[in-house]
1. Would you be able to say whether some residue in region 147-156 is loosely packed, with under 13 Cβ neighbours inside 10 Å and among the small types (Gly, Ala, Ser)?
2. For the list (1) touching a residue at least 24 places away in the same chain (Cβ under 8 Å); (2) buried (at least 16 other Cβ atoms within 10 Å of the Cβ); (3) out of contact with any Phe, Trp or Tyr (no Cβ under 9 Å at 6 or more places or on another chain), I need the number of the one condition that GLU100 fails.
3. Given the criteria of a type in the set (Gly, Ala, Ser), in contact with a helix residue (DSSP H, G or I) (Cβ under 7 Å, 6 or more places away or on another chain) and either under 20 Å from LEU163 (Cα atoms) or open to solvent by 10 Å² or more (accessible area, probe 1.4 Å) (or both), does ALA46 qualify?
4. Return only the number of the condition from (1) open to solvent by less than 50 Å² (accessible area, probe 1.4 Å); (2) more than 30 Å from VAL55 (Cβ to Cβ) that ALA132 does not satisfy.
5. What are the residues in region 50-82 that are out of contact with any Asp or Glu (no Cβ under 6 Å at 6 or more places or on another chain), under 28 Å from THR124 (Cα atoms) and surrounded by 21 or more Cβ atoms within 10 Å (Cβ to Cβ), if any?
6. For a quick check of your reading of the model, give me the residue pairs whose first member lies in region 17-33 and is over 18 Å from ASP106 (Cβ atoms), whose second is of a type in the set (Ser, Thr, Tyr) and open to solvent by 30 Å² or more (accessible area, probe 1.4 Å), with beta-carbon atoms closer than 7 Å and at least 6 apart or on different chains.
Amino acid sequence: MSESFDGVTLVIWRHGQTDWNIENRFQGHSDIPLNQTGHFQATHAARILAGMSPVKIVASDLIRTQETAAKLSEIVGMPIETDPRLRETNGGNWEGRTGEENRANDSARFIGWISGDDGPAGETGERRSEVAARAKEAAYAAISASTGTIVLVTHGGTARCLLGSLLNLEFDDWGSLGGLSNAQWSVLQYSRYLKRWTLVEHNAGSIPEPVFGNEAVN
């Protein structure tokens, strides 16, 4: 299947800001819309991403990603494909609560999860490994029969899980990837020489520039 990755650029784009982001509430599957700042962020980012000439836009089915993706869709005149596998982590009993509340009510489990263990979020929610598996399936489905730039509009936690999985990082190293700010993105390209995905940009707000002399010693 790796041969079909040639010529593919994956842009993993986090949704714009919501009120729950500001309040530090665990959003998970809760369907929270963008706030005014989030709409501005998404519009600004979409104008830049349009310069990458995307061939496909695939978004989580939650409203905050749909509203974000719509900004790019309007500019490039391309429909949004929806894939629930790009949703944020199901936060179980933590959803709707602030980080402070979750530390107070479920301290050991919450701190362990923040530290990077693979336990289910909020006791009844998803494991990071489960999120990575479904998001990776969504990415491969989006790549199928496509070349060019594919934009996946998703969520902060899902983005990190997807990046760690696609880059073949050990699970314990996923935390070494910094988070994505609202409406920022990461860019992956498949290297036919290395036979793996490479991280071109992370938490970016600009179009990637060529890396000249990448094969030279300098």
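The values are calculated or read from the model by the stated rules, or taken from the named source; none is laboratory data. These figures come from a predicted structure and were not determined experimentally. Methodologically, a virtual Cβ is constructed for each residue, glycine included, from the backbone with ideal geometry; neighbour enumeration extends over all protein chains shown. With ligands, DNA and RNA removed, areas are computed over all heavy atoms of the protein, side chains included. Shrake-Rupley method; radii C 1.70, N 1.55, O 1.52, S 1.80 Å.
1. Residues of region 147-156 that are loosely packed, with under 13 Cβ neighbours inside 10 Å, as a first pass: 148.
Among the residues that remain, those that are also among the small types (Gly, Ala, Ser) are: 148.
Yes, because at least one residue in region 147-156 is loosely packed, with under 13 Cβ neighbours inside 10 Å and among the small types (Gly, Ala, Ser).
2. The one condition GLU100 does not meet is (2).
3. no
4. Answer for ALA132: the failing condition is (2).
5. Once the filter is applied, which keeps residues that are out of contact with any Asp or Glu (no Cβ under 6 Å at 6 or more places or on another chain), under 28 Å from THR124 (Cα atoms) and surrounded by 21 or more Cβ atoms within 10 Å (Cβ to Cβ), region 50-82 yields ALA59, SER60, ARG64, THR65.
6. Matching pairs, first to second residue: GLN17/THR37.
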